[in-house]
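These notes are about the structure you will find just below.
The values are calculated or read from the model by the stated rules, or taken from the named source; none is laboratory data. What you see is a predicted model, and the numbers here were worked out from it, not measured in a lab. Neighbour counts are summed over all protein chains in view; Cβ atoms, including those assigned to glycine, are modelled from backbone coordinates with ideal geometry.
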Amino acid sequence: MMRRKISSIGILTGLLTVSMSHGIAFADISGKHPYYLHARSDLRKAEILLQHSDESNVVQETKIAYQNVHNAIREIDRAAVYDRKDVDDNPPVDNSIAHLDRLRAIYKLLRSAEKDISREEDNRSAVGLRNRAEANINQAKRRVEIAVSRDVVDDLLHDRY
């Protein structure tokens, strides 16, 4: 009987330890959709990088991409409210990135944000907002793709490689 009590206590202690460590791992992420914060952080970085002056052949595309990213952030903020997320994230961004590398970095950030918010949404009130944010991210990605292709073609035509 004593042996059974010890093993039961050991199992209970193990389960408590596992459940507490799982809670600690996600302590900074409240609600059911923690990826909003990750996506928002990536989008804020992309938004800041898109604010830099650009070459004339890509200015129009980057301005539209900026507006799409800004709209996506606004939709994510509205959706995050349903999950009680803290959306006051303004991450520092390295502004010294070269032009084409900056566009590549923006594109990677957009893809990362898209991956984060495309996960299953449990809150029906946030689904439409999440879908609009995702559409804005896709539009921004397309504009960055156009900007990159215009920049590369322009550099090839003017022997800047």
>> Given the options 145, 134, name the one that is closer than 14 Å to residue 78 by Cα and assigned to a helix (DSSP H, G or I).
In response: 134
> Can you tell me which residues in segment 105-138 are charged (D, E, K, R), surrounded by fewer than 17 Cβ atoms within 10 Å (Cβ to Cβ) and more than 19 Å from residue 67 (Cβ to Cβ)?
Replying inline: 108, 115, 119, 120, 122, 124
> Can you tell which of 31, 23 is in contact with a Phe, Trp or Tyr (Cβ under 9 Å, 6 or more places away or on another chain) and at pLDDT below 70?
Replying inline: 31
>> Restricting to segment 40-74, name every residue that is in contact (Cβ under 8 Å) with a residue 12 or more places away in the chain and polar (S, T, N, Q).
In response: 41, 51, 57, 62, 68, 71
> So, of the residues in segment 97-131 that are under 22 Å from residue 57 (Cβ atoms) and of a type outside the set (A, V, I, L, M, F, W, C), which turns out to be modelled with the lowest pLDDT?
Replying inline: 99
